[in-house]
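Have a look at the structure below before the remarks.
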Amino acid sequence: MKTFAALIRRYVLATAAIVLLVGGLLVGQIFYVGFKSNAVDATGYRVGALADALKQTETGLQWGREHTPAEWMQGYAWAMVLDDNGNVIWQQDLPQKLNHRYTASEVAVFSHWYLADYPVQCWAADYGLFVVAEPVGTCWKYNIDMKQKMIIMLAKSIQPTMVELLLVVLGCCLFFSWRGSKSLQNVTAGLDTLAQGGTVSLPAAGFAGELAQKLNETSEQLRRRNEIIARRDTARTEWIAGVSHDIRTPLALILGWAEQLQRDATLPAAAKQKAGGICTQCEKIRSLIEDLNLTSKLQYGAQPLRRRSTQAGPFLRRVVAAFCENPLAARCTLDCSITPAVETAILHADAALLTRALENVLQNAVRHNAGPITLAFHADADETTLHLTIQDDGTGYPQSVLAVLNGEPEGENAPHILGLHVVEQIINAHGGSVQFVNRDPHGAKVMMQLPLAKDENEK
């Protein structure tokens with residue numbers, strides 16, 4: 001309906017503009033013609049001015065000496081004066097055939113504009129009837145007489161005619177607007193469908209037929225491209241999952257043998273230390289494989305979110321307690337603070353994935369600092385959001401790592417941030433956000449925001 005209203009408004013305004021433009025042009029043309037007519041008439045004197053300039057002198061009728069006879073007659077062919085008996089008592093350039101006495105009937109005839117094909121004008125003066133003629137062919141030979149009543153009726157009929165014409169134009173505009181609106185509504189709906197990732201098949205006919213056809217072609221191209229991308233992503237995910245599975249088997253064997261060597265009492269201490277190093281590196285490789293497999297699934301939508309309503313307070317305490325049981329916890333001091341608001345907060349989330357994200361942040365802080373550090377885990381909540389902050393007093397993130405985390409293009413020597421990238425993916429998948437910053441004067445800080453469920457029954 002908004003589209004229809006916009007089209008109606010557009011057509012109405014366009015119609016009004018056209019009507020005003022045409023009306024303005026007509027008025028302008030009338031003024032222009034009147035101006036040109038006045039300009040033409042201004043080249044010579046009006047018949048009244050000529051008649052008044054003709055004065056009675058001792059030698060007869062003469063024009064004033066301020067102009068020559070030729071100047072007085074500019075634009076006219078000839079002039080004469082008749083007395084009451086029709087005799088020519090004065091003339092200027094009067095043709096010989098017209099220089100004679102005129103009867104009353106003849107005067108009555110030529111006083112209606114023409115004498116021997118000359119357009120003439122008459123002016124009654126004290127000295128007689130002043131007659132001046134324009135050149136032959138300069139005026140219409142026929143004049144139209146119209147009663148005043150007819151002129152008034154004609155003027156009154158113009159207004160309703162213009163109103164009717166305007167209504168017809170508006171009606172046509174509304175009709176075509178309605179037809180165009182229906183076609184455009186289909187196109188708009190098709191665009192919305194495409195924006196949501198669907199396909200469209202619109203009828204390629206009517207007002208927007210060409211546009212609908214182009215939209216159908218675009219939809220088909222997008223469908224084919226999405227199929228190719230989906231197959232490629234599926235193949236990539238399956239390949240990564242297959243490689244991860246193939247690596248896990250020999251990795252488990254290596255880890256098992258290293259653990260056996262650690263427990264072998266016959267081995268010297270140095271060999272047991274090397275076996276412990278092998279176990280540590282195997283655990284890192286296994287963690288990397290799991291992160292790689294998980295980030296691939298999250299990126300290509302192959303990892304489903306098993307959301308459940310979970311109390312935030314007990315959930316976070318379990319995560320912290322599990323970390324404290326990790327051998328890495330021996331290399332740090334952990335300070336955990338959870339506000340009372342978190343205890344009643346409800347998360348609608350995949351607990352396993354969130355646990356993985358928090359573990360990655362905690363373990364990353366310990367692994368990338370050589371000496372013992374202090375970890376601070378703080379949780380707070382408002383009506384809509386859970387706020388988590390994990391910070392340490394270590395060396396902080398390298399600038400190259402922060403650059404990649406902030407979205408800068410990765411170069412050839414881009415740092416390894418797979419674990420932190422998994423954290424971003426998991427938090428974003430839950431509709432949250434995460435920030436990685438350095439503390440002043442030293443240390444790293446991770447700030448996470450997660451949306452809370454509206455109530456405990458949200459599924």
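The values are calculated or read from the model by the stated rules, or taken from the named source; none is laboratory data. All values derive from a computational prediction rather than experimental measurement. So basically every Cβ, Gly included, is an ideal-geometry build from the backbone, and we count neighbours across all protein chains shown.
List pairs: first in region 53-65 and modelled with pLDDT under 90 and polar (S, T, N, Q), second surrounded by 10 or more Cβ atoms within 10 Å (Cβ to Cβ) and part of a loop (DSSP other than H, G, I, E, B), Cβ under 6 Å, 6+ apart or cross-chain?
Gln56/Tyr127
Starting from region 107-127, keep only residues that are on the phi > 0 side of the Ramachandran plot, then list their pairs with residues that are outside any helix (DSSP H, G or I) and buried (at least 18 other Cβ atoms within 10 Å of the Cβ) whose Cβ atoms are within a distance under 7 Å, requiring at least 6 positions of separation or different chains.
Trp113/Pro119; Trp113/Val120
I'm checking my understanding of the structure. Among residues of region 97-123 that are in a helix (DSSP H, G or I) and either in contact with a Gly (Cβ under 9 Å, 6 or more places away or on another chain) or closer than 24 Å to Ala53 by Cα (or both), which one is modelled with the highest pLDDT?
Leu98
Considering only residues that are in a helix (DSSP H, G or I), of a type in the set (A, V, I, L, M) and either in contact with a Ser or Thr (Cβ under 8 Å, 6 or more places away or on another chain) or at pLDDT 90 or above (or both), which ones fall in region 321-356?
Ala321, Ala322, Ala341, Val342, Ala351, Leu354, listed by residue number.
Can you tell me which of (1) at pLDDT below 75; (2) assigned by TED's automatic domain parsing to the domain that holds Ala108 is the one Cys172 doesn't meet?
That leaves (2) as the condition not met.
Among the residues of region 176-196, are any at pLDDT 80 or above, assigned to a helix (DSSP H, G or I) and exposed (fewer than 10 other Cβ atoms within 10 Å of the Cβ)?
Scanning region 176-196 turns up no residue that is at pLDDT 80 or above, assigned to a helix (DSSP H, G or I) and exposed (fewer than 10 other Cβ atoms within 10 Å of the Cβ).
(1) crowded, with 16+ Cβ neighbours inside 10 Å; (2) at pLDDT below 95: which one isn't true of Leu386, the others all being true?
Looking at each condition in turn, Leu386 falls short on (2).
Quick check on Leu261: is it modelled with pLDDT of 80 or more, surrounded by 13 or more Cβ atoms within 10 Å (Cβ to Cβ) and within 34 Å of the chain's Cα centre (by Cα)?
No: the conditions fail for Leu261.
Any residue in region 420-428 that is surrounded by fewer than 20 Cβ atoms within 10 Å (Cβ to Cβ), out of contact with any Phe, Trp or Tyr (no Cβ under 9 Å at 6 or more places or on another chain) and free of Cβ contacts under 8 Å to residues at least 40 places away in the same chain?
yes
Across region 367-383, what is the number of residues that are modelled with pLDDT under 90 and either buried (at least 16 other Cβ atoms within 10 Å of the Cβ) or of a type in the set (Gly, Ala, Ser) (or both)?
4
For every residue, the table says whether it meets (1) within 25 Å of Leu375 (Cα to Cα); (2) touching a residue at least 12 places away in the same chain (Cβ under 8 Å); (3) touching a strand residue (DSSP E or B) at 6+ places or on another chain (Cβ under 7 Å); (4) surrounded by fewer than 16 Cβ atoms within 10 Å (Cβ to Cβ).
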{"site": "Glu283", "(1), (2), (3), (4)": "yes, yes, no, yes"}
{"site": "Ile289", "(1), (2), (3), (4)": "no, yes, no, no"}
{"site": "Arg307", "(1), (2), (3), (4)": "no, yes, yes, no"}
{"site": "Ala312", "(1), (2), (3), (4)": "yes, yes, yes, no"}
{"site": "Ala322", "(1), (2), (3), (4)": "yes, yes, no, yes"}
{"site": "Thr339", "(1), (2), (3), (4)": "yes, yes, yes, yes"}
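Filter region 144-163 for residues that are surrounded by 10 or more Cβ atoms within 10 Å (Cβ to Cβ), closer than 22 Å to His112 by Cβ and modelled with pLDDT under 70 and give the result.
Answer for region 144-163, where residues must be surrounded by 10 or more Cβ atoms within 10 Å (Cβ to Cβ), closer than 22 Å to His112 by Cβ and modelled with pLDDT under 70: just Ile151.
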